[in-house]
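Enquirer: The structure that follows is given in the form of structure tokens.
The values are calculated or read from the model by the stated rules, or taken from the named source; none is laboratory data. All of these numbers come straight from a predicted model, not from anything done at the bench. Cβ sites come from the backbone with ideal geometry, for glycine too, and all protein chains shown count toward neighbours. Note: areas computed on protein heavy atoms with side chains; ligands, DNA, RNA excluded. Shrake-Rupley method; radii C 1.70, N 1.55, O 1.52, S 1.80 Å.
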Amino acid sequence: MPLYLNDDQTALQDTIRDFVADHAPVTHMRALRDSKDAAGFSRDLWKSFAEMGFTGILIDEAEGGLGLGHVEAGVVLEEIGRNLSPSPFLATAVAAVEALKGTAHAARWFPGILAGETVAALAIDEAAKHRDTIGLQAERSGNGFKLTGKKQFVTHGHVADLLIVAARTTGNADDAEGITLFAIPKGAANLTATPERLADASFAARLEFDGVEVDADAVIGEVDHGRSPLDRLLRAGRTGAAAELLGVGGGAMDMTVGYLKERKQFGALIGSFQALQHRAAHLYSEMEVARAAVLKAQQLLDAGSDAADTAVSVAKAMTGMATTLSVQEGVQMHGGIGMTDEYDIGFYMKRARVLAEMFGDANFHADRIARAAGY
């Protein structure tokens, strides 16, 4: 598979690039932050995404979607990252859709996602760092289950219409099996959501399940066998987060290179200084390697390859490191103004920090690859 976009994917890229730049540039994110908006994103913008067909990229044509793949979803996410656009696209139109595919829940939730009326949140993490542990308990109760425990780092969890919750039905927290996924609509009794602002001004919620009762129809897939839909969700989410990180790093790099071409010191453009040229060239190389890793992971996911899982971890780790380099170099090369709130480069650093942690940071995925290789 060639590591570049085909003609149709390039056409989609042109469309989404213009759309996001016009409707959700960095100024849109800044305005939401300064207005102290309680949701952290615009419902109207989400509906605009739906009107353009973007929310149905991964939904099959038979169900009203576009029937495209992770490469195309990544094209959308890269532009979201480039513009720092607050959007539930990653959790809802990518990760949640992958988890719900082929289940009875698709018929219930896909129409709302396609219409831009439904926002999904992923209740997976339970500790300060993303880990492959699920401790939240789901105990049999009548014809359903009673959920008890806590989740955190649930993006948009306080306003989501749908919560996808990973719970433990058998075994211990570290066991790979014995997991069940649940689809829980908003407003469930005994569920408390406490929103907190993250470094990039987005919202994530801490969820407390104090005996939340759900019926058996809430189960996604099969009881005790939720590992398969959970893995689909995680692979899609990790690859999507890598694509968005790529956009954040690319946006920061473009801004920095533009600044090097404009800023003068001692009567000369700072872009003419050899030391800065070397740093810019190194950054470009790292971003291109990360871009190749992301596209490879997307292609392998779309092909259903057994090698996709490793490629996804490579992509998430590579983009985490390359984008961290991009935003750090951006702030440094901008000098003093790079540290001010009035200039946009700092927002790229903050967003990169949050995305790098989402679905596992570079260290998590490096360890995951090493363990899979027998180390």
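Enquirer: Does residue 286 count as over 26 Å from residue 131 (Cα atoms), part of a helix (DSSP H, G or I) and open to solvent by less than 50 Å² (accessible area, probe 1.4 Å)?
Expert: Details: over 26 Å from residue 131 (Cα atoms): yes; part of a helix (DSSP H, G or I): yes; open to solvent by less than 50 Å² (accessible area, probe 1.4 Å): no.
Spelling it out, it is not the case that residue 286 is over 26 Å from residue 131 (Cα atoms), part of a helix (DSSP H, G or I) and open to solvent by less than 50 Å² (accessible area, probe 1.4 Å).
Enquirer: Open to solvent by 30 Å² or more (accessible area, probe 1.4 Å) and within 21 Å of the chain's Cα centre (by Cα): does that describe residue 309?
Expert: Values: open to solvent by 30 Å² or more (accessible area, probe 1.4 Å): yes; within 21 Å of the chain's Cα centre (by Cα): yes.
Yes; evaluated as a whole, the condition is true for this residue.
Enquirer: Among the listed residues 18, 44, 8, which satisfies the condition of being under 20 Å from residue 203 (Cβ atoms) and either at pLDDT below 95 or surrounded by fewer than 12 Cβ atoms within 10 Å (Cβ to Cβ) (or both)? Explain how you work it out, then say what you get.
Expert: On the way: 18 fails: under 20 Å from residue 203 (Cβ atoms); 8 fails: under 20 Å from residue 203 (Cβ atoms).
Of 18, 44, 8, the one residue that is under 20 Å from residue 203 (Cβ atoms) and either at pLDDT below 95 or surrounded by fewer than 12 Cβ atoms within 10 Å (Cβ to Cβ) (or both) is 44.
Enquirer: Hey, among the residues in the stretch 325-370 that are open to solvent by 30 Å² or more (accessible area, probe 1.4 Å), in contact with a helix residue (DSSP H, G or I) (Cβ under 6 Å, 6 or more places away or on another chain) and not acidic (Asp, Glu), which one's nearest to residue 29 (Cα to Cα)?
Expert: 351
One line per residue, one yes/no per condition, for (1) in contact (Cβ under 8 Å) with a residue 60 or more places away in the chain; (2) closer than 21 Å to residue 104 by Cα:
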site	(1), (2)
125	no, no
161	no, yes
167	no, yes
198	yes, no
208	no, no
214	yes, yes
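Enquirer: Can you name the residue in the stretch 259-274 that is open to solvent by less than 100 Å² (accessible area, probe 1.4 Å) and in a strand (DSSP E or B) and, of all such residues, is farthest from residue 330 (Cα to Cα)?
Expert: 268
Enquirer: Still on this model: Does residue 59 qualify as being over 16 Å from the mean Cα position of the chain (by Cα), of a type in the set (A, V, I, L, M) and open to solvent by less than 40 Å² (accessible area, probe 1.4 Å)? Don't jump to the end; show me each part of the working.
Expert: Values: over 16 Å from the mean Cα position of the chain (by Cα): yes; of a type in the set (A, V, I, L, M): yes; open to solvent by less than 40 Å² (accessible area, probe 1.4 Å): yes.
When the stated conditions are applied, residue 59 passes them.
Enquirer: Quick one: what pairs do we get from the stretch 172-196, first residue over 25 Å from residue 101 (Cβ atoms), second open to solvent by 60 Å² or more (accessible area, probe 1.4 Å) and at pLDDT 95 or above, C-beta under 6 Å, 6+ apart or different chains?
Expert: 190/210; 192/208; 194/206
Enquirer: Mind listing whichever residues of the stretch 127-161 are of a type in the set (D, E, K, R) and either buried (at least 21 other Cβ atoms within 10 Å of the Cβ) or over 18 Å from residue 360 (Cα atoms) (or both)? If you could, list the steps in order and put the result at the bottom.
Expert: Taking the stretch 127-161 and keeping what is of a type in the set (D, E, K, R), we get 129, 131-132, 139-140, 146, 150-151, 161.
Selection gives 139, 140, 146, 150, 151, 161.
Enquirer: Here's another thing I want to ask about it. Which residues, counting only those in the stretch 62-81, are surrounded by fewer than 19 Cβ atoms within 10 Å (Cβ to Cβ), touching a Phe, Trp or Tyr at 6+ places or on another chain (Cβ under 8 Å) and on the phi < 0 side of the Ramachandran plot? Walk me through how you get there before you give the answer.
Expert: Initial filter on the stretch 62-81 (surrounded by fewer than 19 Cβ atoms within 10 Å (Cβ to Cβ)): 62-64, 66-67, 69.
With touching a Phe, Trp or Tyr at 6+ places or on another chain (Cβ under 8 Å) added as a condition, the list becomes 63-64.
Correct list: 63 only.
Enquirer: Follow-up. With the structure loaded, tell me whether residue 164 is in contact with a Leu (Cβ under 7 Å, 6 or more places away or on another chain), under 12 Å from residue 123 (Cβ atoms), buried (at least 17 other Cβ atoms within 10 Å of the Cβ) and not polar (S, T, N, Q) or whether it fails that test. So that I can check it myself, show each step before the final result.
Expert: Working: in contact with a Leu (Cβ under 7 Å, 6 or more places away or on another chain): yes; under 12 Å from residue 123 (Cβ atoms): yes; buried (at least 17 other Cβ atoms within 10 Å of the Cβ): yes; not polar (S, T, N, Q): yes.
Criteria met by residue 164.
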